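The values are calculated or read from the model by the stated rules, or taken from the named source; none is laboratory data. Computed from a predicted structure; not experimentally measured. Here Cβ is always computed from backbone atoms with ideal geometry, including for glycine, and neighbour counts include all displayed protein chains. Please note that ligands, DNA and RNA were not included when accessible areas were found on the heavy atoms of the full protein model with its side chains. Shrake-Rupley method; radii C 1.70, N 1.55, O 1.52, S 1.80 Å.
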Amino acid sequence: MSKLAKEILLKNGNPPIVEFFRRPKTLFELLNVQKLKAYKYKVQPVHWYQKGFEGCYYEVHRTKYTIFNNEPKHGHAWALLFWRGRQAFHPPKEMKGGTKFAWQQYRSPAADGIKYDQSTAKTIEKRRNFLLKGYYTGLNPKAPPPKDGVLQ
């Protein structure tokens, strides 16, 4: 990279295109990048990937969204849900959470080394339930977890 380009980037920060690719995207921003190739495009919410759900994704069949200032803001998308590798329903249904969650192209978590066995998944779920119970009942969050891990 030239010295001039480095100075411009340091002075003005990253260009808008770099900022766009770094931040999490809504479903409609992700599909807008694909334009007409979004048919049968496989997407998944980022939190499904982080939890290690294998074979869980949506296959987009139809989209309809509005563009404001060259960015899609909101809209509708219809897709087939595949859960654990099997199709959950046949006619495409409207997807929920298009603007609520961060979305990404489908990648297998196991291929990237994210895999939870049953004991790890149960431990994560028990800890999550314990923290939620403490939050909702006003318990001391610094209190040690129960020895057996089961909430009363």
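Does PHE130 qualify as being of a type in the set (A, V, I, L, M, F, W, C) and either part of a helix (DSSP H, G or I) or modelled with pLDDT under 70 (or both)? Please lay out each step first, then the result.
Working: of a type in the set (A, V, I, L, M, F, W, C): yes; either part of a helix (DSSP H, G or I) or modelled with pLDDT under 70 (or both): yes.
Against the criterion (of a type in the set (A, V, I, L, M, F, W, C) and either part of a helix (DSSP H, G or I) or modelled with pLDDT under 70 (or both)), PHE130 qualifies.
Search the stretch 16-58 for residues being open to solvent by less than 70 Å² (accessible area, probe 1.4 Å) and part of a strand (DSSP E or B), and hand back the single one that is modelled with the lowest pLDDT.
The residue in question is LYS25.
Please go through the stretch 59-107 and give me each residue that is of a type in the set (Lys, Arg), under 15 Å from the mean Cα position of the chain (by Cα) and more than 18 Å from LYS40 (Cα to Cα), ordered by number.
LYS100
Any idea how many residues of the stretch 59-103 are assigned to a loop (DSSP other than H, G, I, E, B) and among the polar types (S, T, N, Q)?
Summing the residues that are assigned to a loop (DSSP other than H, G, I, E, B) and among the polar types (S, T, N, Q) in the stretch 59-103 gives 3.
List the residue pairs whose Cβ atoms are under 6 Å apart, where the first residue sits in the stretch 88-107 and is farther than 25 Å from GLY52 by Cβ, the second is of a type in the set (A, V, I, L, M, F, W, C) and surrounded by fewer than 17 Cβ atoms within 10 Å (Cβ to Cβ), and the two are 6 or more positions apart or on different chains.
Sorted first by the residue in the stretch 88-107, then by its partner, the pairs are PRO92/TRP78; GLU94/TRP78.
Considering only residues that are open to solvent by 60 Å² or more (accessible area, probe 1.4 Å) and β-branched (Val, Ile, Thr), look in the stretch 59-114 and name the one that is modelled with the highest pLDDT.
It comes out as THR99.
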